[in-house]
Amino acid sequence: MIVGPLARYRRRKVALLEPGWRTLRVRAEWTDRTYTGRRAIEAVLRKLSTEQAVCYVSLGLSEMRRTTSATDWRLSLWRGRAVSITYLPTGLNVRSLRGTLGASEDPYRDLMVALAWIGDRGVEAKSLPAMAWDLWRSTLSEPVRLGADPQLGHAALFGGRQAAEPGAYWHSALWDIRSAYPTAMASRPVATSLREVSPATRLDFDTPGLITGTVFVPPDLPYAPLPVREGQRIVSYPVGPVSGTWTWREAKAATMLGCELSVDTCYAPRREVDLFGPWWETMQAGRAIPGPAGSMMKAISNSLWGQFALRGEGGVHVYWSDDAGESPIDEPRPDRNLPHHYTAHIAAEISSRVRVQTLLEGMY
């Protein structure tokens, strides 16, 4: 996968939509009006499509189906999360702001503040993850080639330790690290690619490599250090003999806590590059924008690391067979390989940096 700097910028019209039952408020440069009734709403949706406007809703994409007949809409899910909804008669695509402006008294104003800052950096209005990717590309000075064995990268990719679901807990603590992922990304260079080396290679805490092997975790450790995948979406931290794939940093941290490590295969960086230093300097200015617009920029910056773990599977289209939108029909989307498939080792390295920081600073 070759990623290069942004080549061009096209300013696009933007609209913020507030859907209701057979009502639709449209806020844009040319209007701030609530349209009522199917005919009026269908007309304004056609206008938005003709102008190729980028349309957003603050939260609740599926509510757009109630503005007209639900049979006119198709909701796109990725791994259970709504990512966009399409008005089928015109192909107009509506994206979600994921509640990032939920605290705003004037979400359209704050949206335009954020988009103006983004536009000044040559990035056009898109979905939040797409803008995150383009903002990173805007800081690249030259093309960079990224790629490693995707199975190896995904085997080491566990995400972060997650906050607990609501409930009653004992002997528990919540540890939150400010700007955890962006800071981890910019803290050290990452590997653009990997090569297999001797299993006897000394693991350096700050080198972005991967190992496969077995670790014996002492049962008396208060917190088990290494994640393993029990199912597609289930990750646990067991004690005793544990086999898996981890970053050098995470495996080294386990040995520092008294675990015994046996390495089967070892992969070192073929090349290390500071991919995110200039990006993080830029994004800190965006995150410093006062009010909800700054919160939106924080969400955009926090979403970048996940783009390196994108997989073209788990997609579903949802249609409705009735006007009221009460009878959904799920249609799985065909799996496809994405270029990001070969950058999972970067996402694995970033998330492990956060896990190790949580482990060593917060838990020990």
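The values are calculated or read from the model by the stated rules, or taken from the named source; none is laboratory data. As the structure is a prediction and not an experimental result, all values here were calculated from the model. All Cβ positions, glycine included, derive from the backbone under ideal geometry; neighbour counts span all protein chains shown. Just the protein is used for accessible areas: all its heavy atoms, side chains included, with ligands, DNA and RNA removed. Shrake-Rupley method; radii C 1.70, N 1.55, O 1.52, S 1.80 Å.
Listed values, structure above:
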| read-out | value |
| --- | --- |
| Residue check for GLY312: surrounded by fewer than 16 Cβ atoms within 10 Å (Cβ to Cβ) and under 28 Å from ILE85 (Cβ atoms) | yes |
| Residue among ASP72, ASP106, ASP110, ASP32 that is over 20 Å from ALA324 (Cα atoms), among the acidic types (Asp, Glu) and touching a Pro at 6+ places or on another chain (Cβ under 8 Å) | ASP110 |
| LEU275 being open to solvent by less than 30 Å² (accessible area, probe 1.4 Å), in contact (Cβ under 8 Å) with a residue 60 or more places away in the chain and in a loop (DSSP other than H, G, I, E, B) | yes |
| Qualifying position, being over 30 Å from PRO143 (Cβ atoms) and in contact with an Asp or Glu (Cβ under 9 Å, 6 or more places away or on another chain), among ARG66, ARG25 | ARG25 |
| Inter-residue pairs, beta-carbon under 9 Å, first hydroxyl-bearing (Ser, Thr, Tyr) and in the stretch 107-132, second buried (at least 22 other Cβ atoms within 10 Å of the Cβ) and part of a helix (DSSP H, G or I), 6+ apart | none |
| Complete set of residues in the stretch 249-281 that are hydrophobic (A, V, I, L, M, F, W, C) and closer than 28 Å to THR139 by Cα | ALA268, VAL273, LEU275, PHE276, TRP279, TRP280 |
| Tally, over the stretch 274-283, of residues that are closer than 10 Å to PRO182 by Cα and within 18 Å of the chain's Cα centre (by Cα) | 4 |
| Residue list for the stretch 10-31, filter: under 28 Å from GLY122 (Cβ atoms) and among the charged types (D, E, K, R) | ARG10, ARG11, ARG12, LYS13, ARG27, GLU29 |
| For ARG46: the one exception among (1) within 21 Å of MET297 (Cα to Cα); (2) in contact (Cβ under 8 Å) with a residue 40 or more places away in the chain; (3) among the basic types (Lys, Arg) | (1) |
| Which numbered condition HIS154 misses (of (1) part of a helix (DSSP H, G or I); (2) at pLDDT 95 or above; (3) of a type outside the set (Phe, Trp, Tyr)) | (2) |
| The stretch 204-255, residues that are buried (at least 19 other Cβ atoms within 10 Å of the Cβ), among the hydrophobic types (A, V, I, L, M, F, W, C) and part of a loop (DSSP other than H, G, I, E, B) | ALA224, LEU226 |
| Count - residues of the stretch 1-52 that are within 30 Å of LEU194 (Cβ to Cβ) and aliphatic (A, V, I, L, M) | 5 |
| Subset of the stretch 256-272 (residues that are touching a strand residue (DSSP E or B) at 6+ places or on another chain (Cβ under 6 Å), surrounded by 14 or more Cβ atoms within 10 Å (Cβ to Cβ) and over 23 Å from LEU194 (Cα atoms)) | CYS259 |
| Pairs, first closer than 15 Å to ALA155 by Cβ in the stretch 230-251, second charged (D, E, K, R) and surrounded by 12 or more Cβ atoms within 10 Å (Cβ to Cβ), C-beta under 7 Å, six or more apart | VAL235/ARG229; THR247/GLU349; TRP248/ASP204; GLU250/ARG355 |
| Strands (runs of 3 or more DSSP E) fully within the stretch 15-128 counting 2 or more residues that are surrounded by 15 or more Cβ atoms within 10 Å (Cβ to Cβ) and under 28 Å from the mean Cα position of the chain (by Cα) | 23-28, 54-57, 73-78, 81-87, 92-96 |
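Okay, residues lined up against (1) of a type in the set (D, E, K, R); (2) assigned to a helix (DSSP H, G or I); (3) touching a residue at least 12 places away in the same chain (Cβ under 8 Å); (4) crowded, with 19+ Cβ neighbours inside 10 Å:
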residue: VAL316; (1), (2), (3), (4): no, no, yes, no
residue: TYR319; (1), (2), (3), (4): no, no, yes, no
residue: ASP330; (1), (2), (3), (4): yes, no, yes, no
residue: HIS341; (1), (2), (3), (4): no, yes, yes, yes
residue: HIS345; (1), (2), (3), (4): no, yes, yes, yes
residue: GLU349; (1), (2), (3), (4): yes, yes, yes, yes
residue: SER352; (1), (2), (3), (4): no, yes, yes, yes
residue: LEU360; (1), (2), (3), (4): no, yes, yes, no
